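So the structure is just underneath, and the comments pick up after that.
Please treat every number below as a calculation from the coordinates, not as lab data. Owing to the predicted nature of the structure, the values given are computational and were not obtained by experimental measurement. Using ideal geometry, Cβ is built from the backbone for each residue, glycine included, and neighbour counts are taken over all protein chains shown.
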């Protein structure tokens, strides 16, 4: 206790600390020499090399200082480190750096160390154990979960009111649509991953099936969006059953890889079967949705049809369609959410969660595992299909490039980072994963870099996801009854324990 | 017949590359039970380090090919191994006792990070390289020609595999490694430094992947930052096909995948070769989930 | 023993059951009968093939050879070896617990018991459609399911913990919960794999009471794998002894206790030495002390 206490700083073992920092810096040197220090450039004569030793030196120096800072926090000097790290972060913001990358490293690294130091000062401990961190985060997650009872409706009202406000310009509405699309996909995938505990790495396949279903049905048969939406859902669900049937018996990791394989197969088919799908060029000129088949969003409608603005006696505005699309995806997403919230309280949803926790026990209770998993797979696929056909009609153009593995990874990241099974977690994670990069569009090059790093950091910090907390779906004594507070809420294990056979070996 | 032989040799050399990558997957899966999703990226880094080394040697005026090849091999193995070690240390070790999804997500994150890291540093365009080892060995009166590079690939792979097998079966390090694979807790109780062994597993896997990266650079003469994903998935397929956890299985699986790809491209056209690979993955997992050389597994109740 | 089983109705008939894994023979030609509303104990040294036998009966393994017939009191017959795993619980009404407890740890105690009534409820929920629409027929079924859950929670003294997450319960309570969960499937045959393992003597005593209650008041047949001889000898109507995958003895507790084959299996091969009568009688206590010592050590 006292050994770890900050209030009684130990003497600092400088030689040991310096040695540790030097070793880390040496590793950084090895990492940066070939790829950072030497860069391939295209020259007229072929490939050439450029050297950037300054960056290597800077990176190595920063790593040295960073490690030193962490060691000092451990040895009971967090205050000094906090000041220095904060200063470094500020310097990163203010002072011009030779390259952008260095600036990002300085800001991110400085901020992380500053946060560590601040935590050390507040808790009086250099490092919290995993269990303690889990407990703390679980309390927060529980609070958020309970708050979502009233926060949820407020958020829905805000989302509904948003297009009416003067704030709503084209750009913000587009971002809103983008966020809602990912929220819907996240909620859809949450059924498979979060509830049923099946790690699906190929969810984007169903998104693609939905998008192409609509695009092709419209292209070849001239069907309208409102006819195609349910068809696309059905086709996606059908492909979910078709793909799911042979693979659902597989163990967690194998299942993940096979779903990844299926996702890729579907993408390659879209690329190669160009006579039918348009190949890599995709399909363009996909019809935009009409106002429930009654009126179109056009300035001057063809003879005999109605335009939206005429119908309601409004001035024509291109925003009408965007607003309509916004509401459309909002409603679609809410349908998924309401479905999930209700199904959790039904035998099907409970069986999914039971499967995630222990699928052998499920078999011993007479639960038909294959059918239950198939249902989860098909339903999630159906929602993915809805989202896909929405995507097609919104973009007016689709190509296989929109349906790569990275898309699946992003959707999965939203589910896992949010906290598996947590509906509100999906929203928060979408804001982080999609919203933040949108906000920092000028850092275009570094967006995906930061995205990858962010995924790692969040997992390190909170392996169960940000808001992993599970409330029982049924209570005997009500919310404030016996054990409702402490023990019943202590279900941090719910999130990931069951999935893919529990802990790593 | 000549065409067949040609494809056979192409397939075996391609398979050797997949096999080298697959070993990294299979060893990591064997010891910590996770799919190291970033392993394909490690291989890509190996290819880039080899390229950079070659260019650096050229700039230094060292152009004697055998020496250049040896230095390339050594440099790419060394630097890539450091990447493998660092990835494990930063992204996987802290998650050793977490729910199983956490390291997988972390690995996907690392994979995205490394891809973009190389893209930013080295540029998004593909990097062409003039043949370092031109020339062919002609057989059967010139009907079949084997490029020296492919020959070298096969020879180096066989040599590496021999050395590696010796390492795993004969040395105390290999024994410790196998012990950790069986039971990490027990191995730790018997004085094996499990963390170190796991680190070494990543280091060895990365070094072998680096060799594969260099081979690809030599054979195809062009690389880009995106080559890791597809190669990674195929190598994983090879590992599963051979029976995950089994080293000879990984190599065998690699060769089988390589042959299928070569023959499929040779006779059916290259468009659908990836679908063929993935279909095989799916079929193997469904009908023989233990792979060709894997041990059967009974559902533990 | 045979005259006893004449008057009782056989519930589970195991005939010539053999289970091989590659070259390993886990069960070899095992035959016995477990009667309705009786407790049948299966005992034997570690590795005797008891759990494998259970896994065959409950459908996790398909036996290499042999026939497993389950006859319900109403006369319906099921050939268990031909049924896929989950149907054995769903249709033949065989429930089981596991040696290493398998609860739904992240779910609440009550949820565990409601999940056990899945098949009944999913039909009532119209495969979720009626449930999603919130029809009253499903609500009624759910409240009945909760009543059944409450009944068993009360029986295993866990009513106060209904809203706890199952993984947070103490070990003994988890064992009891698993039995309650199995009983919520309303089985005719309950298979318990070492239910007393890790329990202290007081808890073992309670377990014995619970099992006799299940037998006498619910007329449910119980098949029990157990090492705790105090429990086995006190409550069993019939004991089957396995060793190296074979049945070596079969009869009521008193008979098995004195069967030389059993004594040899437990105390080792010693052809010449007749065990003195008092040693033979103490055998159960010896085994029991072993368990106790193991507990104290733990």
| Distance (nanometres) between label positions extended 7 Å along Cα→Cβ at residue A:91 and residue B:59 | 2.8
| message | Can you tell me, using C-alpha contacts under 8 Å and at least 6 residues apart, the relative contact order of chain C as a whole percent? | response | 24
| said: So, R0 is 41 Å and r is the distance between the beta-carbons of residue B:159 and residue A:41; what FRET efficiency does that work out to, to 0.05? | reply: 0.75
| message | Just to confirm the number: angle between the C-alpha axis of helix A:347-357 and the first principal axis of chain A, 0 to 90 degrees, nearest 10? | response | 30
| message | Counting other beta carbons within 10 Å of each residue's own, what order do C:140, C:150, B:273 fall into, fewest first? | response | C:140, C:150, B:273
| Just for the Cα atoms in chain B, what are the lengths along the principal axes, largest first, rounded to whole Å? | 60, 47, 37
| message | Helix-only estimate, please: 222 nm mean residue ellipticity of the protein assembly as shown, summing -39500 (n - 2.57) across DSSP H runs of length 4 or more and dividing by its residues, to the nearest 500. | response | -20000 deg cm²/dmol
| request: Pull out the extension gain between residue A:371 and residue A:234, defined as 0.36 nm times the separation in residues minus the alpha carbon to alpha carbon distance; nm, one decimal. | output: 47.6 nm
| If you line up the long axis of helix C:136-155 against the longest principal axis of chain C, both from Cα atoms, how many degrees apart are they, to the nearest 10? | 30
| query | For the pair residue B:97 and residue C:64, how long in nm is the line joining their label points, each one 7 Å along Cα→Cβ? | reply | 4.1
| query | Assuming R0 = 41 Å, what is the FRET efficiency of residue A:80 and residue C:100, from their Cβ-Cβ distance, to the nearest 0.05? | reply | 0.25
| request: Could you work out the mean count of beta carbons from other protein chains within 10 Å of each residue's beta carbon in C:175-185? | output: 1
| query | If one takes the longest principal axis of the Cα atoms in chain A, at what angle in degrees, from 0 to 90 and to the nearest 10, does the Cα axis of helix A:204-221 lie? | reply | 30
| What whole number of Å gives the distance from the Cα centroid of segment C:234-249 to the Cα centroid of segment A:311-340? | 70
| remark: Quick calc, residue A:292 & residue C:139: beta-carbon distance into FRET formula, R0 35 Å, rounding 0.05, result 0.55
| query | For residue B:279 and residue B:173 in one chain, what is 0.36 nm times their gap in residues minus the Cα-Cα distance, to one decimal in nm? | reply | 34.4 nm
| task | Subtracting the Cα-Cα distance from 0.36 nm times the residue separation, let me have the gained length for residue A:14 to residue A:53 in nm, one decimal. | result | 11.2 nm
| request: On a C-alpha basis, how far is the centre of segment B:65-105 from the centre of segment A:272-292 in Å? Whole number, if you could? | output: 42
| Inter-centroid distance (Cα atoms) of segment C:133-174 relative to segment B:127-179, Å | 63
| request: Counting other beta carbons within 10 Å of each Cβ, put A:303, B:88, C:206 in order, fewest first. | output: A:303, C:206, B:88
| request: Report, as an integer, the average count of C-beta atoms from other chains found within 10 Å of each Cβ along C:84-96. | output: 4
| field | Solution diffusion estimate, µm²/s, Stokes-Einstein, segment C:1-151, Kirkwood Rh from C-alpha pairs, 20 °C, viscosity 1.002 mPa s | value | 120
| remark: Simple spin-label estimate for residue A:445/residue C:20, 7 Å along Cα→Cβ, in nm, reads 6.7
| Whole-number percent relative contact order across chain A, with pairs defined as alpha carbons under 8 Å at least 6 apart | 20
| query | For C:192, B:241, what's the fewest-to-most ordering of other Cβ within 10 Å of each Cβ? | reply | C:192, B:241
